[in-house]
Each structure stands twice: as structure tokens, then as C-alpha cells.
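The values are calculated or read from the model by the stated rules, or taken from the named source; none is laboratory data. Only a predicted model underlies this, so the values are computations on that prediction, with no experimental measurement involved. So basically every Cβ, Gly included, is an ideal-geometry build from the backbone, and we count neighbours across all protein chains shown.
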Amino acid sequence: MTQFRIGLGYDVHRLVKGRPLFLGGVEIPYPKGLLGHSDADVLLHALCDAMLGAAGMGDIGRHFPDTDSRFKGVSSLTLLENVTQMLESEGVRLCNADLTLVAEEPKIGPYVDGMRKRIAFFCKASPDKINIKATTTEGLGITGRGEAMAAYAIAMLCKI
Ligand code: MG
């Protein structure tokens, strides 16, 4: 592979009652959670897709299909760990990543450092290479109405 490779990830999950909310590998107290086959951690899914995209290795739907019972209820940190291993076998690692959560609520500020540490651990990177930020959509659209959360991620890979 070339010295640097860049990839983009995007994901959306529906917000429902009766599910825990996991974002960036951290459980956040909130009356609703994200619906999905795994823990539906929208931030980690966007990151996995960005990393796989940068490596030219498709997307998480291809590697961890929601028809596969092995991934039912699984922590998305496990998926991230798997992606990191796949990259390692291709001779690349995550250099840095920038993640944006799109959600009207809750405020994630108090949890960001914990997310960065956890993501960094599972990516074998240092926390200062993982940036996490959030935005609302000013009450507009599916995220603004609190029906869903979305996330964007961009990842740079470098040679090991
Ligand atoms: Mg997803």
C-alpha cells in the first residue's frame, strides 16, 4: 500500500426506547438507545467504515453482516478490534481519525475523553489521534426530531 490512505464513513441508527445507548464504546445514560443488530454504536460503525474504506476493504456490512448471529448484540468495540486486525494483516494501522456525531441530545462532552481512550485502545493508537465532536441539526430532520443519530468519520491509515 502507499504511505497514507484516507477513508470516509457514514452511518445512521434509529433511536428507540428500551435499548441502552452506546456511543464511542461508552454507555451513556439516556432514556433511549440505538436500534441495531449489534449494540448499534453509530460512531464506531462510521469509524470502522472509514478504516475499511481507506484500506480498500469494503464496509462493515460485508465483514459483519446483520444476518450473522455471531454479531447479534455484540459490542462494536469487538468489530473495531477485528477491523484493526484486518488492517494489520495488510500492513497498515490507524494514523488518526476525526469523528462527528449528529444528534440533538444528549450532550456528550463529559464522555468524550472516555470514548477517545477506549477507541484508541482498540485501534492501537494514542487517544490524541482520535478526535470526537458533535453537532445538532437545529431541530431539523430525523436527527433533529430525535428519531435517529448519525455519524461521520474520516480515517487516515499509515504503513506499520
Ligand atoms: Mg451501523
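Among the residues of the stretch 71-101, which ones are more than 16 Å from the ligand (Cβ to nearest atom) and assigned to a helix (DSSP H, G or I)? GLU81, THR84, GLN85, MET86, LEU87, GLU88, SER89, listed by residue number. Would you pick out the residues in the stretch 114-136 that are farther than 22 Å from GLY91 by Cα and touching a residue at least 40 places away in the same chain (Cβ under 8 Å)? Hits for the stretch 114-136 are GLY114, MET115, ARG116, ARG118, ILE132.
Considering every residue within the stretch 54-66, establish whether at least one is modelled with pLDDT of 95 or more, closer than 27 Å to PRO106 by Cα and away from the ligand (no atom under 11 Å from the Cβ). No.
Taking the criterion of being among the polar types (S, T, N, Q) and buried (at least 16 other Cβ atoms within 10 Å of the Cβ), the only residue of the stretch 97-126 that qualifies is THR100. Among residues belonging to the stretch 7-42 that are part of a strand (DSSP E or B) and more than 15 Å from the ligand (Cβ to nearest atom), point out the one that is surrounded by the fewest Cβ atoms within 10 Å (Cβ to Cβ). Across the stretch 7-42, the extreme among qualifying residues is LYS17.
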